[in-house]
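The values are calculated or read from the model by the stated rules, or taken from the named source; none is laboratory data. Everything quoted here is computed from the prediction, not taken from an experiment. Every residue, glycine as well, gets a Cβ built from its backbone with ideal geometry; the counts of neighbours run over all protein chains shown.
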C-alpha cells in the first residue's frame with residue numbers, strides 16, 4: 001500500500017511540473033550590446049573583433065535564438081529602417097552577407113542557446129577578398145527566439161521575440177564625401193523657449209557619414225549667447241536624416257541625476273512631431289536672434305554653413321505691458337479728472 | 001529669464017509705476033526703460049556669461065565632441081589594437097590592417113544595453129464561443145540606453161488558423177470595416193468578428209499612434225518578417241530611456257458559422273534600434 005502511494009506521489013510530483021509548464025506562459029528577455037557596428041574597410045581585409053558582441057538572457061527561461069542576417073535601407077529621416085525583400089539587391093556584392101559571421105569559440109554560429117541569467121560574448125568576423133567591389137551594405141543581425149513547441153490545448157496566439165543589432169559596412173576605397181543642408185529652419189516668431197530647430201542633412205556620397213556640427217545662437221549685438229551640439233548620427237548613402245541636439249540624449253541618459261522636468265520638456269519638444277529636433281533650451285526670448293548652423297560632413301570636409309533669423313516675442317509679457325499701460329492711463333485720467341474737479 | 005533678476009525687476013518696475021502715478025511725464029520714459037531692460041535680458045546681454053570655448057574651427061575644421069562615459073573597447077590580437085587604450089576619443093573602436101570597427105554609438109552612455117522583453121509568450125484564448133469576444137494581454141518592455149531610438153514591429157504568420165483544416169479566423173476590420181494594420185478603428189460590436197490588438201502605455205508614451213481611444217484596435221501585419229520589408233510599429237521611441245513598457249491587448253471574436261476547434265498563430269515582435 002505504502003509502495004503504491006509512493007509511486008502515485010512520485011508520478012504526481014513528476015508530471016505536475018510538466019503540466020504546469022505547458023500552461024505557464026514563458027517569457028522572452030534578451031539584451032544586446034552594442035546596438036550597432038560601423039565598419040569601414042578596404043579590401044583585402046579580415047576583420048575579427050573578439051568578444052565584441054554581448055548577448056544576455058536576462059529572463060528566467062532558456063532562449064534558443066536563430067541568427068538571421070537581413071539587409072535594410074533607411075526609412076524616413078529619423079534613423080528607422082525597412083528590411084529588403086528576399087531577392088532584392090543588397091548592393092554590388094549579392095553574397096556579402098555570406099562573408100559575415102558571428103563566432104563562438106572560433107566557430108560560426110547560426111543558432112544560440114542561452115540559459116537563463118546568462119551573458120555570453122561573441123566575435124564578429126568579416127572576410128573580404130582583394131577583388132571585392134567598393135560599396136556600402138546595411139544589414140541587421142537578428143536574434144530571433146524560436147517558438148516553443150508546447151502550447152495549451154486551446155486557441156492560442158504564440159508570441160516570439162527578436163532583437164536586432166545593426167551593421168553599417170562600408171567597403172572602400174572611399175570616394176569624396178558630398179552632401180548638403182536639406183533643411184535648417186525654425187518658426188520666425190517664438191513666443192517662448194525652448195526653441196526647436198529642424199536640421200536635415202542629405203548625404204549624396206556612396207558611403208555612410210556621421211557629420212559633426214553645431215548651431216550658434218547670436219543676439220542682436222552679435223554676441224554668441226547659445227550653442228547647440230548636434231548628435232553625430234549616421235546618415236546612410238543617398239539618404240536624408242534629421243539631426244537632433246546632443247544635449248537631449250545626455251539629459252535622457254542621465255535622467256536620474258538631472259532635472260527631470262527639464263528633461264521631459266526637452267524630450268517632449270524634440271519628439272513632438274515624430275522627428276528629431278535640435279533644441280535650444282533657453283526659455284525667455286525677446287528680440288531678434290540669428291542661428292548659424294555649421295556642419296562638417298566628415299573630418300576631411302566638406303563644411304557647410306547656413307544662418308537663419310528668428311524673433312522672440314513673449315506674448316504673456318506684452319500682454320502684461322498692455323494691462324499696465326491701460327491701468328496707468330486709467331489712473332492718470334482719473335487723477336486729472338479729480339484735479340479738474 | 002534669470003530667476004535671480006526677478007526681484008530686481010520687480011522693485012524697479014514698482015518704482016516706475018509709483019513715479020508714473022505721481023508724475024505723468026515719467027510714464028513714457030518708464031515704459032521705454034522697462035522695455036529696454038526686458039530686451040537686454042531677452043538678448044542675454046546683462047544676465048548671462050558669454051558662451052565660450054567653441055570647439056569649431058574655420059581653417060582646418062575640427063569639431064570635437066567630448067567623450068561621454070562609455071564602455072571600454074576590448075579585444076586585441078597581433079593584427080589590431082584597441083585604440084581607447086592609447087588615448088583616442090572613441091571608445092569601442094577596433095582597428096587593424098585595412099579596417100576600422102566602431103562598436104556602439106559614440107555619443108550615448110553605452111553601458112546600458114539594448115534590452116527587450118515580453119511577458120507571456122502563450123496568449124491563451126481558451127475555448128472560443130460565438131459572439132463572445134475574448135481579450136488577453138501581455139507586456140512588452142524596452143530599454144534603449146545605448147541607442148538613440150528604436151522601433152518594435154510585429155508580424156503574424158497568418159490569422160488564427162485551425163491546423164489541418166485551413167479554417168481561419170481572419171484579422172478584424174473593426175466595426176467600420178476600415179481598420180487595417182496601419183489604421184485603427186473602434187471595435188465594440190459583438191457581431192464584428194476577427195482577431196486584432198491594441199496597445200496601452202504603462203511606462204512612457206511609446207505605443208504607436210492610433211490607440212488613444214480605448215476601444216480602438218488594429219490588425220497585425222500579416223506576413224513573416226523574413227519576406228516582408230517592414231511590419232507595422234507597435235512601439236516606437238525617439239530617445240534613450242529605460243523600462244519603457246506597454247500592454248498589448250489581443251482580442252478575438254468569432255461568428256456562429258466559425259468551425260469549432262483550436263486556432264493558433266505566431267506573432268513575432270522585433271525590437272530594432274535606430275542606426
Among residues of region A:182-196 being outside any loop (DSSP other than H, G, I, E, B) and modelled with pLDDT under 95, the residue surrounded by the most Cβ atoms within 10 Å (Cβ to Cβ) is A:195
Sole miss for residue A:202 among (1) assigned to a loop (DSSP other than H, G, I, E, B); (2) free of Cβ contacts under 8 Å to residues at least 60 places away in the same chain is condition (1)
Exercise for the section: Might you check whether a residue that is part of a loop (DSSP other than H, G, I, E, B) and within 19 Å of the chain's Cα centre (by Cα) occurs anywhere in region B:251-269? Expected result: no
Would you call residue A:125 in contact (Cβ under 8 Å) with a residue 12 or more places away in the chain and within 30 Å of residue B:263 (Cβ to Cβ)?
no
Within region A:219-241, of all residues that are at the interface with chain B (Cβ under 10 Å from one of its Cβ atoms) and surrounded by fewer than 19 Cβ atoms within 10 Å (Cβ to Cβ), the one nearest to residue A:281 (Cα to Cα) is A:227
Exercise for review: Would you be able to say whether some residue in region A:304-319 is outside any strand (DSSP E or B), modelled with pLDDT under 80, at the interface with another protein chain (Cβ under 7 Å from one of its Cβ atoms) and over 23 Å from residue B:143 (Cβ atoms)?
Suggested key: yes
Filtering strands (runs of 3 or more DSSP E) wholly in region A:34-95 for at least 1 residues that are in contact (Cβ under 8 Å) with a residue 40 or more places away in the chain and within 7 Å of chain B (Cβ to nearest Cβ) gives A:36-41, A:45-57, A:80-83
Screening B:181, B:200 for residues that are touching a residue at least 12 places away in the same chain (Cβ under 8 Å) and outside any loop (DSSP other than H, G, I, E, B) leaves only B:200
Only one of (1) surrounded by fewer than 20 Cβ atoms within 10 Å (Cβ to Cβ); (2) touching a strand residue (DSSP E or B) at 6+ places or on another chain (Cβ under 7 Å) does not apply to residue A:161, and that is (1)
Checklist entry - What do you reckon, is residue A:179 buried (at least 18 other Cβ atoms within 10 Å of the Cβ) and modelled with pLDDT under 90? => result no
Flagged in region A:130-144 as within 12 Å of another protein chain (Cβ to nearest Cβ) and in contact with a helix residue (DSSP H, G or I) (Cβ under 7 Å, 6 or more places away or on another chain), in numbering order, are A:139
Given (1) part of a loop (DSSP other than H, G, I, E, B); (2) modelled with pLDDT of 95 or more, residue B:229 misses just (2)
Being at pLDDT 95 or above and either more than 30 Å from residue B:105 (Cβ to Cβ) or crowded, with 17+ Cβ neighbours inside 10 Å (or both) narrows B:189, B:222, B:201 down to just B:189
Note to self: Taking the criterion of being touching a strand residue (DSSP E or B) at 6+ places or on another chain (Cβ under 7 Å), touching a residue at least 24 places away in the same chain (Cβ under 8 Å), more than 9 Å from every other protein chain (Cβ to nearest Cβ) and crowded, with 21+ Cβ neighbours inside 10 Å, would at least one residue in region A:145-158 satisfy it?
What the structure shows: no
Report whether or not residue A:216 is modelled with pLDDT of 95 or more, within 11 Å of another protein chain (Cβ to nearest Cβ) and within 18 Å of the chain's Cα centre (by Cα).
no
